[in-house]
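Undergrad: Structure provided below as structure tokens; questions to follow.
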Amino acid sequence: RRSRKAVNRIKKMKQTALNKLKRKCVNLAIAIKLSVTPLCEGCGLLAITAHHLIRQANSNYLRTKQENLFSTCKNCHFLAHSRGDVIAFGSAILARGKDWHDQLMKDRRIIIKDTKKYWQEIYEKTLA
């Protein structure tokens, strides 16, 4: 029989592996976004990362969805987090339209089974 401390250590190790896999999936999604849209959707400069309109903490399902990502430069990414998405990406949000926004709001409510198997499938689908 394992001690409580040993059980907690095993849970923590499993959680760490899951988080690493999630990060790997998100990084791959961002790399794809930047290859498709290399310029910042806020100002037109060279993009270095992608911003999640629906924050990762608010939707596991949308973490890797291209529809939820905006290619962004360092300044616009900071602006989005400090002053809001509309200030940084207002014209891009308007260009994507109401149907896109409505679908994103609907999709953010999708609950997934947050397991290593799920994220491994997402990673493999994204690579394909």
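The values are calculated or read from the model by the stated rules, or taken from the named source; none is laboratory data. This structure is a prediction, so every number in the text was calculated from the model and none was measured. Note that we place each Cβ from the backbone using ideal geometry, even for glycine, and neighbour counts take in every protein chain shown. SASA here: full protein model, heavy atoms, side chains in, ligands and nucleic acids out. Shrake-Rupley method; radii C 1.70, N 1.55, O 1.52, S 1.80 Å.
Undergrad: Do we have residue 125 as open to solvent by 60 Å² or more (accessible area, probe 1.4 Å) and farther than 17 Å from residue 52 by Cα here?
TA: In short, yes.
Undergrad: Can you spot a residue in region 105-115 that is surrounded by 14 or more Cβ atoms within 10 Å (Cβ to Cβ), out of contact with any His (no Cβ under 7 Å at 6 or more places or on another chain), at pLDDT 95 or above and not basic (Lys, Arg)?
TA: The answer is yes; a qualifying residue exists.
Undergrad: Right, here's the next one. Does region 11-60 hold any residues that are part of a loop (DSSP other than H, G, I, E, B) and under 13 Å from residue 114 (Cα atoms), and which are they?
TA: If the condition is that a residue be part of a loop (DSSP other than H, G, I, E, B) and under 13 Å from residue 114 (Cα atoms), then 59, 60 are the ones that fit.
Undergrad: Scan region 57-67 and give yes if some residue there is among the β-branched types (Val, Ile, Thr), within 21 Å of residue 27 (Cβ to Cβ) and either in contact with a helix residue (DSSP H, G or I) (Cβ under 8 Å, 6 or more places away or on another chain) or open to solvent by 50 Å² or more (accessible area, probe 1.4 Å) (or both), otherwise no.
TA: yes
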